[in-house]
1. Having 1 or more residues that are within 30 Å of A:Leu261 (Cβ to Cβ) is the bar; report the helices (runs of 4 or more DSSP H) wholly within region B:55-153 that clear it.
2. Which one is farthest from A:Gly231 (Cα to Cα), of the residues in region B:237-263 that are polar (S, T, N, Q) and buried (at least 23 other Cβ atoms within 10 Å of the Cβ)?
3. Might you check whether a residue that is of a type outside the set (Asp, Glu), assigned to a helix (DSSP H, G or I) and at pLDDT below 90 occurs anywhere in region A:40-52?
4. What are the residues in region C:202-218 that are crowded, with 19+ Cβ neighbours inside 10 Å and over 21 Å from C:Gly57 (Cα atoms), if any?
5. May I ask you to list the residues in region A:234-250 that are surrounded by fewer than 19 Cβ atoms within 10 Å (Cβ to Cβ) and in a helix (DSSP H, G or I)?
6. Scan A:Phe35, A:Phe30, A:Phe22, A:Phe14 and give me the residue that is of a type in the set (Phe, Trp, Tyr), closer than 21 Å to B:Thr137 by Cα and crowded, with 18+ Cβ neighbours inside 10 Å.
7. I need the full set of residues from region B:44-63 which are farther than 18 Å from B:Gly271 by Cα and either surrounded by 13 or more Cβ atoms within 10 Å (Cβ to Cβ) or of a type in the set (A, V, I, L, M) (or both), in order please.
8. Search region A:14-27 for residues that are facing chain B (nearest Cβ under 8 Å) and pair each with any residue that is surrounded by fewer than 18 Cβ atoms within 10 Å (Cβ to Cβ) and hydrophobic (A, V, I, L, M, F, W, C) when their beta-carbon atoms are under 7 Å apart and the residues are at least 6 apart or on different chains.
Amino acid sequence: MADRSFEVSRLPGFAFTAVTVFLALYLPIFTLVFFSFNAGSVLSVWQGWSLRWYVEAWQNDVVKGAAMRSLLIAASASAIATTLATMAAIGTTRRRRFRGQTAIYAFINQPLMVPEIVTAVALLIFFGVIKSWTGYQGLGYLILAHSAFCVPFAYLPIRARLEGMDLSLETAAADLYASPWQAFRHVTLPLLAPGIAAGAMLAFVISLDDVVITEFVKSAGQDTLPTYMLGQLRRTLTPEVNAISTALLVLTVLLLTAFFLVNRKKD
Amino acid sequence: MSPPPRLSEAEDRQRRAATRNGWLLSAPALVLLFIAASGPLLIVLVYSFLTPGKYGDVSWEFSTSGWVGILFSRDIFDDTLKLADAHLTIFWRSVKLSLLTTAITFALGFPTAWFIATRPPKARALWLFLITIPFWTNLLIRTFAITEIIRNEGILNKVLLAIGVIAAPLRIMNTDTAVLIGMAYVYLPLMVLPLFAAIDRFDMRLLEAGYDLYASRMQVLRHVILPIVRPGIVAGSILVFVPSLGAYVTPRVLGGGKNMMIGNFIELQFGQGRNWPLGAALSIALLIVVMLAMLIYVRAATKEDTPHG
Amino acid sequence: MIKITGTAGPILSVNAAIMARDVTKAFGQGETALKALDNVSCEIRTGEFFTLLGPSGCGKTTLLRLIAGFEMPTAGQILIDGQDVTGQPPNRRAVNTVFQSYALFPHLSVAENVGFGLKMQGRPRAEIAATVREMLALVKLEALAGRRTGQLSGGQQQRVALARALAPRPKVLLLDEPLSALDLKLRKEMQVELKRLQTETGITFVFVTHDQEEALTMSDRIAVMSAGKIQQIGVPREIYTAPVNRFVADFIGETNFIPATAVPGGAKLADGTVLPAEGEGSLLIIRPEQLRLLPAAADGALPATVESVVYFGTDTHVHLALEDGTKLTARVPSPADGHSGHAPGQRIGLGFAPGAARLIRE
């Protein structure tokens, strides 16, 4: 007789499928990272370890420019989106329900529901008109567009954090002679800080990763790293793209790890 | 003498202040979203009813040519309308690939989500983190990573050739299959996460009850588990289907120039196609389809609250 | 209770810390509005331990929140120390609250929590430090000044909440069921502690609870509330021995109700027996411990039948039925061997301790 207890949650083939799925998810990513250290210039022919392509990418002014632009846009957009999302989250939680609250909530989350290509086309047309009216061609359009689609990503963790906070804390502060501003400054804000940090990190990652909207909104010479890579895919690929991808990947993983650590701390 | 029953002034003031502050605090975000996300959609709607300009853009004359052009094309010689087969092919490919993507991600994602949800708590957090990383990783990078596998000289072909399964490299790139593999790969986490959330809430004691009442493993799966986690299945399916339908990057990278989906077809109208009204009409049409899918999702999600039968 | 009419300025009692005048609080509007407080007036005297007692939903917490300023009344006025504060926000009111959930700031240390109110008032740093030390000594928590509040036990959190609310020296301390989260033993300790703090500081305490024993043992005066109204205000002895209506009699302790009619000198029962009783109304009440079990033939005793006997340790509950079927419970001290000597079916006579029976209104 089999000396094994009956595991109720076990289903035939599920564990095998799951492990295969995880392998399949990571195999392409590891391959990509692996070939970024290839010494040769042909993508999938291994010619020994080298940091050659990182050096080449670093010395390529176009790549460096795109990298700087990506970081600048992501930093500005996440700062703007997080600030506005924090205000909106405070406005739509921790107070008695008011008329239009649901509408505000739906409007803020709207970018999550519209296909990116549609928003991209809309911004192409709209910003095109503004560009020809004002003559301004700068990075402002990209920052504005990125800020907008980052708002819901910043809003959700901040709102979640606010809703998890004990409502009586601000009441207690008011009871102890804190003005509404003092209560916000000394109680709400410090307690909300992890949520704001999480929101800012998500917004940063989302902005850094965007391809479609950036591709449609950018003016000439305003490539970000992702649109630069998309352009490169048309030509013969070199491991340089792997090197850039790996760098972006590392940045994303670092930010996400920080996000999870910050979020775990609250429990 | 008692005062008439009314809202006292102080109470009234408090209520109005709450409403005013709520709107004031939300206003900057709403304005930003209106300028750079929702508002421009209205312009797209307007553009869909204009006449194409000669060198792109539009000329400001009312026309339904954009909307008509979705399904029909005008014959160059006798000016009659006939169904645009090329367009229909693109729509059919988009719908077909999106449905297949949804089916594949469900078939792979359900066991994965179940596996994660039945791990001990610490291991579960790690597995969940592992599924979340690809979710947040750049879509372009992930698409690019999958090309390294399925290219003619990619890992897949190398392995298959080495073990002698095939004699010549499989030509997967620039086919519908490539797009399908790519979309399943990039959207899989979108299926797993809501499924996990639903399974995580699932009361495992129900399984004991099922087995106790003589159900086999497959019967328990079919009659107990799947009906109860249905909201998660609906959520995951919508979350995969919607972005698949509007996909742009994956078909562009993996499908080559020819295997276009709606997203690429829309872009084409604003580029070489020089038919902005058609592009605008296609965008609005796509938006409507997506909204309808969302509506079905909301309906299905709220229906769970009402008793069955 | 003071009823104020007309527009002329009221004559205030000099020693009223809090006055509520015709206060109504409705939640929601129109038809669906729910009246949490219905035209309530009361006066809380300076320096007393005043308890708002009632079942959940009776409006006691609402009244407390109106005094604190967390809610605004739909009608009526709240006065603190003779000043009308009706429209003022909580941060301008010289009252502090001990919350049911304690609401300690999790990001601040124990000392920072206690000093919070003084800091918000902009007091000098040295004064804050001195007061915090004094308050922590008062609640015996000096050793934990630097701790985060999350690391404290329930009883310690309770003490921090008390110290925090007392630190700004409020005119009135409001306590919203502060002991309900503690276990029985700790609750008993804190009852004594609270009474000590109130005596030592001389601050007016307004205490909200649904626990009648807590109310009876700690309070100087009690207001019994039900359905948004104050049913009775009085000292604990008065509330227990002379309840004004069925609700108060039923809510505080256990009571036997016997239908009766008022006649000169007492109450006439259904069978015609006249018992000496004070008060007026159609309901005779008598506490179970005031019933005497006598032999069936005893002079002037009311005939009754024992239905069941339940042993409670210190005393024994004897469930009885009168001739007309009215059910009563008598509580008698258990004898040394635990056998009360009563058995179901036994016929006995009921005697009443002098002054124990009262007539009240329905």
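1. B:85-117, B:121-136, B:139-150
2. So, considering only residues that are polar (S, T, N, Q) and buried (at least 23 other Cβ atoms within 10 Å of the Cβ), the one farthest from A:Gly231 (Cα to Cα) is B:Ser237.
3. yes
4. Hits for region C:202-218 are C:Ile203, C:Thr204, C:Phe205, C:Met218.
5. If the condition is that a residue be surrounded by fewer than 19 Cβ atoms within 10 Å (Cβ to Cβ) and in a helix (DSSP H, G or I), then A:Ala247, A:Val250 are the ones that fit.
6. A:Phe35
7. B:Leu45, B:Val46, B:Phe49, B:Ser63
8. Pairs found: A:Phe22/B:Leu130.
The values are calculated or read from the model by the stated rules, or taken from the named source; none is laboratory data. What you see is a predicted model; the values in this text were computed from it and never measured. Cβ coordinates were reconstructed from backbone atoms using ideal geometry, including for glycine residues, and neighbour counts include every protein chain displayed.
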